Structures are given as C-alpha cells and as structure tokens.
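First up is the structure itself, then whatever we jot down about it.
We did not get these values from a lab; they are worked out from the coordinates using the rules stated. Because the structure is predicted, anything quoted here is derived from the model rather than measured. With ideal geometry, Cβ positions are generated from the backbone for all residues, glycine too; neighbour counts draw on all protein chains shown.
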C-alpha cells in the first residue's frame, strides 16, 4: 500500500542561510536527540547542507516511492529516506542523483545503501548513506510512504523538520527549535575564535575554558 501526504511548509531562504552558518558538531554541545546514527556517513568532503525535511518510507526493494518523491521535491528540500532496516539493496543511484540535482534539492539522507558512487559525486547533490551496494531496487508497485513521520538513523523525522548535515553528522530539529539552536551554535562558534586567539598568545586550554578550576574544586571536595 502507498500513503501519499502533502508537502510540508518550507523554511525561508533566510532561515536556511542562518542554519548553514551553524555546525552539527556545535549543536552536539547542546542536544543529543535528533542526531542521526553515525553509521550514516557523507559521500562528499567539506560539505554542509541544510533544508526542510521531506520524508520517504521505502521498505524492501520497491523503488517506486522514491521515484515519486523526486517528482515532488522543491529547491531547498532535504530528502530523508527510511529504509526500514533494509541493508542489501541500494535505494538510489546516478540517474536519481541527477534528478535530484535538476530539482535543486539541498541533500539526501538514506538510512541504507546507494550505488553509482562516481556518478553521485559527479552530480554533486550532497548524499549521506551507510555505503554502497551493487544490488538495486526494482519498480514493483508494492508499497511506500511519502511525507509521513519516519525513523532514520535512530531518530524520528517529521515532514517539515529542519535538517543540518556535514561530514561530522546529521541533525534534525523541529521547525520552532531550529533558529534558536542555530543562533546559539553560531554564538558558540564565534566565542571559540576568542579561545583560539588566547591559545595563540600562550594561555593554556584548561585555564581558558575553566576545566582546570572545576577539576581542582572536585579534588578538594573529596579530600
């Protein structure tokens, strides 16, 4: 059975540019939920992408629902694909990566495998997955879901969530949390520049960040 729902509201381009200025690893200082399993890895170096989650639930070897999704996605969307534990069949290859490029989407996360790695890199749409497989999907007309709540990389993903991803990981946030978290991360990153400047002048890292004082206080409490 196929379930097809409406596309979610997109974040604005201004919101997307703010989110792109944050780093997933900086957000990891503040949150643990919404960070996808680290087994899902980037296929590109020095990449960062952000966009609005458009979800696909794609069990088994039926690739039709992902074909359908490629006909619906908009510039700035971030396609998130739940493979329902399937770890044999590649969900996406070169032709669909080219279709994604033509659609202008921000990126693709597959909780499973892909194929045609050279073509994926050539077409340039940022893609994250478990790795590559030579076994591919078929057009079987069996089942799939579009724009429903899914599981990806151990996290719940809802259509319309904000997605930020780079080589270090993938973060999914509720739309009302994304901008506050992004601005907090940007402030943290700016403060880190001050830390680097102080290190360059000879100060020691534990003194700058306060960890030496915390450890010494803990030792004194135990003595």
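Summary of values
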{"read-out": "Relative packing of 195-203, 143-151, which averages over residues the other C-beta atoms within 10 Å, highest first", "value": "143-151, 195-203"}
{"read-out": "Coarse-grained scattering of region 118-162 at q = 0.19, 0.20, 0.21 Å⁻¹, given as base-10 log I(q)/I(0) from a Debye sum over alpha-carbon atoms", "value": "-1.03, -1.09, -1.13"}
{"read-out": "Length released on extending from residue 214 to residue 17, taking residue separation times 0.36 nm less the Cα-Cα span", "value": "67.2 nm"}
{"read-out": "The chain - mean residue ellipticity at 222 nm from DSSP helices (-39,500 (n - 2.57) per run, n ≥ 4, rounded to 500)", "value": "-10500 deg cm²/dmol"}
{"read-out": "Solution diffusion estimate, µm²/s, Stokes-Einstein, region 81-120, Kirkwood Rh from C-alpha pairs, 37 °C, viscosity 0.692 mPa s", "value": "309 µm²/s"}
{"read-out": "Residue 72 paired with residue 46, simple spin-label distance in nm, labels 7 Å along Cα-to-beta-carbon", "value": "3.6 nm"}
{"read-out": "Answer label for mean projected area of the Cα convex hull in nm² (calculated), chosen among (i) 15.0; (ii) 11.1; (iii) 17.3", "value": "(i)"}
{"read-out": "Relative exposure of 66, 79, judged by other C-beta atoms within 10 Å (fewest first)", "value": "66, 79"}
{"read-out": "Shape of region 56-146, Cα gyration tensor, a/c cut at 1.5", "value": "oblate"}
{"read-out": "Alpha carbon centroid spacing (whole Å) that separates region 100-162 from region 4-58", "value": "13 Å"}
{"read-out": "Relative packing of 21-33, 205-217, 47-59, which averages over residues the other C-beta atoms within 10 Å, highest first", "value": "47-59, 21-33, 205-217"}
{"read-out": "Prolate/oblate/rounded call for region 1-71, Cα gyration tensor, a/c under 1.5 rounded", "value": "prolate"}
{"read-out": "Label point distance in nm, residue 2-residue 156, each placed 7 Å from Cα along Cα→Cβ", "value": "2.8 nm"}
{"read-out": "Relative contact order (%) - the chain, alpha-carbon pairs under 8 angstrom, separation at least six", "value": "30 percent"}
